[in-house]
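Scroll down for the structure; my scribbles are underneath it.
Nothing in this text is a laboratory measurement; each read-out follows from the coordinates by a stated rule. All of these numbers come straight from a predicted model, not from anything done at the bench. Neighbour counts run over all protein chains shown; Cβ positions are idealised from the backbone, glycine included.
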Amino acid sequence: MKPSPFEYVRPRTLTEALAAIAEDPDESKILAGGQSLIPMMNFRLARPARLVDVNRVPGLAGLASDGDRVRVGTLTRHHAMEHNPLPGPLGGLLRRAAAHVGHLPIRTRGTFGGSLAHCDAASEWCLVARLLDAEMTVRSQARGTRVIPAADFFQAVFTTAMAPDEILTSIALPALDEHYRTGIAEFARRAGDFAIVAATAAVRVEEGLVTEARICLGGVAEVPLRSAAAERVLLGERWSPELVTAAAEAAAADCDPPGDAHGDPAYRRDLVRALVPRALGLDARR
Amino acid sequence: MIGARALRIEDPVLLRGAGRFAADVIRPGELHMRVVRSPIAHGRIRSVDVTPALLLDGVVAAWTHADIAELPAIGFRLTPLADLLPYRQPVLARRIVRYVGEPVAVVFATSAYLAEDGAELVRLDLDPLPAHLDADAEPTAWLDAEQATWAAGLDVELPAQDSQATAFTVEYGDVDAAFAAPGPGWRVIETDARIGRHTGVPMECRGLAAVYDEAEQQLIVDGAAKVPFWNREAVAAMCGLPPRQVQVRETHVGGGFGPRGELYPEDVLVTLAAVRLRRPIKWIEDRQEHLVATNHSRGQHHRLRALVRPDGEIEALDAAFVLDQGAYVRTHGATVASLTASMLPGPYRIPHFRARAQVRLTHKTPAGTYRSPGRYEGTFARERLVDRIAGELGLDPVEVRERNFIPAGAMPYERPIQAMGTHLVHDSGDYALLRAKVWEKFDLDGVRRSVAERRAAGELAGFGFAFFVEKSGIGPYEGARVSVDSSGAVTVTCGASSVGQGVDTVLAQVAAEVLGIAHDTIRVVRGRTDQFEYGRGAFATRLAVMAGSAVANAARALAGKARRVAAHTLGVPVEDLGLADGRVLVTGDPARALTLAEIARLLDPSGAAELGESPGLTAEGWFHSDHMTYPYGLHAAVVRIDPGTGRPHVERFIVGYDVGRALNPTLVEGQIAGGVAQGLGGALYEEFRYAEDGTPLCTTFMDYLIPTALEIPPIETLITEDAPSPINPLGVKGAGEGGTTAVAAAVAAAVDDALGRPNAITSVPIHPAQVRRLLG
């Protein structure tokens, strides 16, 4: 469990970082928090010839409100997300999602952007980004800046829409007004493990009626899955526990989860059924 | 001092970070060893080419089997049945690879990184063969005659061997006659029980650092654990040196649990390389290697059939089990199978008993012992059966157990079979008393009522318990030397080993008690073959009994010598002298006294000659035993099941354990807490899974699920001392394994109860998905 030989560079500016990658994009990797990349290198599953450490690049971390959006810098640590001061349903969702990420030492190092770029189907941040239709700002030396919507960003396991010479620099999330109910629930065999199934939700309820519904599931597809069926069940209806149960049933029926040692498809559907209501705070039992 | 909650004398060094673990042994010019392991479960070796590795700058040497062809297969330390000899493991794979992770070649380089780079360059040309993974399947061809003959090493031509390495029966009474002639209303009740393949996974992986010291002409091996004296003999033989030219030394050890410290292929390679290459050699196992290279354990399938009288009394038990041995038989020989069979009756009388053991090879990592070997498995099977008997007869599970207990008045109770080569004699015990004490202390009737009420209210809560008998203190001997220097400082030197269990503290407490001094002033030297002549090792929960008794004998001999010298010097009869506060004093006139330091100085060689004593205030003591002691206990669990996910959540775990005499209750409780955590691992989390082609699926801690502090409930413990052992001077029985033994059985019973479905759980680990399915 020692990595194969690699070159290590530590640029001081984003321009330098982009240049360092542009020299050999296919053989270079960005080092952010390193909580997935370094173990993969130690297992020799990843063998980048060059590691570009962006931890000293200024301006890439932190949260900032920007009108009806919140911008999250790519290097914002999970721990900072867990203790973010944002008011309202968005701040609460980010705090609760962050608390599910690994264990404390992992959260002090791992980053929001790194998690999205890594694109693990079980990642809480990938789920939240897809749930809220986040917009990813990416940059390259050759083509400058572009914005990729979450619906296009997550393509397959460990595969995003980013080109090898691009760096994810910031992520825009919608600021949610006080009518939203948000939450996350997941199931893993042990605390801190990757979720077998996870559910996130953001549902806007005004005067008892659902005016917007977003349900996003992890662990049931290669990438985070928005459950259109569950969202349809909710939208325009009167908010009630029975409605949520019906949405959970619809989510379970609508997905086509894979089977593996952690759970066969039927079990994963059971988990969806159990977790969607919990994501909406209707069943506190863990 | 004995029985005190004394602080561990090991801890000041460890807590300051001053300990020395295997990886801390750093020698100038050392080479790092990297093992090239088979990537496939079964295949014919066409060629292994190390040349590309040798071309890498920094690689100093690389070997295949051809380079060590003169080495025999690795021998058995315990239970060396002749049947098993052909199944022994070669140091490097020979002709055939038989599991993923089997050492095929080895590379030595100037850094661990270069060694791993070099290992990648070794070219393996392997012809894959089908993998045989199901130990339940009928035995298949396993070894050809050539391999069998070579591995057995008997200079006798052996025929080809199948995958059943051995099968044997342990029995007494007449099981067939009992089943053939049941009394009126007697029932035959059967159960099936499976225990998943898992093992003890210490926080510190294995590691060894060896050097051939040219000045001293000694091969020095650091990083040993468990059985340094046996390993010294084995290493000396493998390296062609006399044992006096080999020093094996323990470092600090980050957990043992059975797998760690046995003689593995890597141990032979490290030491042989130190001799051949004349460079310091270091090998530090990484976690991915560990999970395929270090002994696995458990992996048993039991089928039990009991003949039961209407009142729940078990008249006869007919058991058969298959043990999934993995690809080779390692140092433990048939130990696990033997212990499983012999300990299966547990605390119950059972007039007619038979256990048929089948040890079968599969293309998986070889299996050995793990904390409570054979008892964890057998207790799960037996206690599941007893619960089933209670359910089918409509009796309370407490009542069924008490009806079958060996009564206290029948102790010592001889079961006419053997365990680990000793006659199985329950030396002492009052099982019903312990059951009653645990019930009262933890109000288990109240607990049962409370879970019943919760169930009535719709919650999936359950209670379950299991009873077990452990064994400890296997002989045949341990020795110790207690010495006092000219300043009065006391050193205990012995053949014991430490795997972190606190043996130093306990031995110091025993010496302190006899000598009337503070235990934390005593230095304990152990685990070093250059400091003591004999030691049998840290396994089978034996050291408190064996080394503790040896130290007691040595300290008493030393006290006798000190009193003789004091009597002579002070001019009083020996009988008038006592020991207190490091002094020998005249009873009734404590001002007249000699300190141990003064006596030690009087015993310099000249003084000793005048006194007619041997030089030095020092004495040896030995303890011999040809029987084991049998501690016993009860485990109980309260479980809540999440109806949505099926996850069983253990809310409470209760252990009652009688250890005869608790030398240090805090350390006993610590042993139990750690043991329970490992037992819960096997009950709910840990399992080595394999793909159909034999590829291991659990080679990281993401897939091999060790419970963390967050998964372990508070562990509530009652230690009792109602049945001191009559067969050692301290009355002590071992505490090392009783935390683990019945965890799977108790948790399974609690899950059954929570589900309201008797006999639902017949295998561990219990998967949430399976529980969810049972909920419908």
Peptide B:368-378, shielding by other chains (average Cβ, 10 Å cutoff): 0
Packing-based exposure ordering (other Cβ within 10 Å, fewest first) of B:Met628, A:Met81, A:Met41: A:Met41, A:Met81, B:Met628
Mean shadow area of the stretch B:681-734 over all directions, Cα convex hull, nm²: 7.2 nm²
Dipole of the stretch B:147-218, positive direction: furthest Cα of B:Val211, B:Thr199, B:Thr149, with charges on the beta-carbon: B:Thr199
Reduced Cα scattering model of the protein assembly as shown, Debye log10 I(q)/I(0), q = 0.08, 0.09, 0.10 Å⁻¹: -0.94, -1.14, -1.32
Nearest-0.05 FRET efficiency for A:Glu242 and B:Tyr172, computed from C-beta distance (R0 60 Å): 0.40
Long-range amide H partners of A:Thr160 with built H, under 5 Å: A:Gln155
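Taking 0.36 nm per intervening residue step and subtracting the Cα-Cα distance, what contour gain separates B:Gln531 from B:Arg276 on full extension?
Numbers: separation 255, 0.36 × 255 = 91.80 nm, distance 2.58 nm.
The B:Gln531-B:Arg276 span can extend by a further 89.2 nm.
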Euclidean distance of C-alpha centroids, the stretch B:626-678 and the stretch B:473-524, integer Å: 28 Å
Simple Cβ-charge dipole of chain B, Lys/Arg +1 and Asp/Glu -1, about Cα centre, in debye nearest 20: 460 debye
Residues in the stretch B:118-138 that a label on B:Arg46 would reach, taking backbone N under 18 Å of a point 7 Å out along Cα→Cβ: B:122-130
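Given N residues in the stretch A:7-52, what is Rg(Cα) / (2.2 N^0.38 Å)?
On the way: Rg = 10.5 Å, N = 46, 2.2 N^0.38 = 9.4 Å.
Taking the Cα Rg and dividing by 2.2 N^0.38 Å, one obtains 1.12.
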Under 21 Å from A:Lys29, Cα to Cα: lysines that are on another chain or at least 8 residues apart: A:Lys2
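For the protein assembly as shown, with only Lys/Arg (+1) and Asp/Glu (-1) charged at the beta-carbon, what is the dipole magnitude about the Cα centre, in debye rounded to 20? Don't skip to the answer; put the middle values down first.
Working: 110 positive and 130 negative charges, 181 e Å.
The calculated dipole for the protein assembly as shown is roughly 880 debye.
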Lys, Arg +1 and Asp, Glu -1 on Cβ, resulting dipole of the stretch B:543-643 about Cα centre, debye, nearest 20: 140 debye
Positive-end residue, the protein assembly as shown charge dipole about Cα centroid, Cβ charges, pick of B:Gly17, B:Val35, B:Phe539: B:Gly17
Cα→Cβ-extended label distance, 7 Å offset, between A:Glu16 and A:Glu222, nm: 3.8 nm
Loop sites in the stretch B:109-182: GluC sites (Glu not before Pro), DSSP, at most 13 other Cβ within 10 Å: B:Glu157
Rh by Kirkwood over Cα pairs, then Stokes-Einstein D for chain A at 0.890 mPa s and 25 °C, µm²/s: 127 µm²/s
FRET efficiency estimate (nearest 0.05) - Cβ-Cβ, B:Glu453 to A:Glu207, R0 56 angstrom: 0.85
Over the stretch A:75-184: Kirkwood hydrodynamic radius from C-alpha pairwise inverse distances, Å: 14.3 Å
Sum of -39500 (n - 2.57) over DSSP H runs of 4+, divided by residues of chain B (222 nm, nearest 500): -8500 deg cm²/dmol
Amide H contacts of B:Asp530 (H built 1.01 Å from N, under 5 Å, at least 5 apart or other chain): B:Val248
Pair A:Ala261, A:Met1: separation of 7 Å Cα→Cβ label points (nm): 1.6 nm
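State the Kirkwood hydrodynamic radius of the stretch A:217-268 in Å, one decimal place, computed from all pairs of distinct Cα atoms. Intermediate values should be presented prior to the final figure.
On the way: mean 1/r = 0.0853 Å⁻¹.
Every distinct Cα pair counted, the radius reaches 11.7 Å.
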Among A:Ala261, A:Leu235, A:Met41 the positive-end extreme of the charge dipole of chain A (Cβ point charges): A:Met41
Pairs from B:Lys282/B:Lys733; B:Lys226/B:Lys561; B:Lys441/B:Lys471; B:Lys471/B:Lys561; B:Lys282/B:Lys471; B:Lys226/B:Lys282 whose Cα-Cα separation, in the structure shown, is over 30 Å: B:Lys282/B:Lys733; B:Lys226/B:Lys561; B:Lys471/B:Lys561; B:Lys282/B:Lys471
Span from the the stretch B:160-193 Cα centroid across to the the stretch B:548-612 one, whole angstrom: 60 Å
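At a temperature of 25 °C and a viscosity of 0.890 mPa s, determine how fast chain B diffuses translationally according to Stokes-Einstein, using the Kirkwood radius over alpha-carbon pairs as Rh; express D in µm²/s, rounded to the nearest whole number. Walk me through the intermediate numbers first.
Numbers: Rh = 27.6 Å.
It diffuses with D of about 89 µm²/s by this estimate.
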Burial ranking of peptide ranges B:676-687, A:222-233 (average Cβ count within 10 Å, highest at the top): B:676-687, A:222-233
Sum of side-chain charges, B:Pro724 neighbourhood, beta-carbon under 10 Å (Lys, Arg +1; Asp, Glu -1): -2
Pairwise centroid distance, computed over Cα atoms, of the stretch B:313-378 with the stretch A:193-213, Å: 52 Å
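In units of 2.2 N^0.38 Å, what is the alpha-carbon radius of gyration of the stretch A:180-279? Mind showing how you got there, number by number?
Working: Rg = 13.1 Å, N = 100, 2.2 N^0.38 = 12.7 Å.
For the stretch A:180-279, the normalised Cα radius of gyration comes out at 1.03.
As an exercise, use a Förster radius of 22 Å and the Cβ-Cβ distance of A:Thr108 and B:Thr708 to find the FRET efficiency, rounded to the nearest 0.05. Each step should come with its number before you reach the end.
Details: r = 18 Å, r/R0 = 0.81.
So, using R0 = 22 Å, E works out to roughly 0.80.
Relative contact order for chain B: what percent, with Cα pairs under 8 Å and sequence separation of 6 or more?
Numbers: 1984 pairs, mean separation 118.4, N = 776.
Reported relative contact order: 15 percent.
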Simple spin-label estimate for B:Asp311 and B:Glu613 in nanometres, 7 Å along Cα-Cβ: 6.2 nm
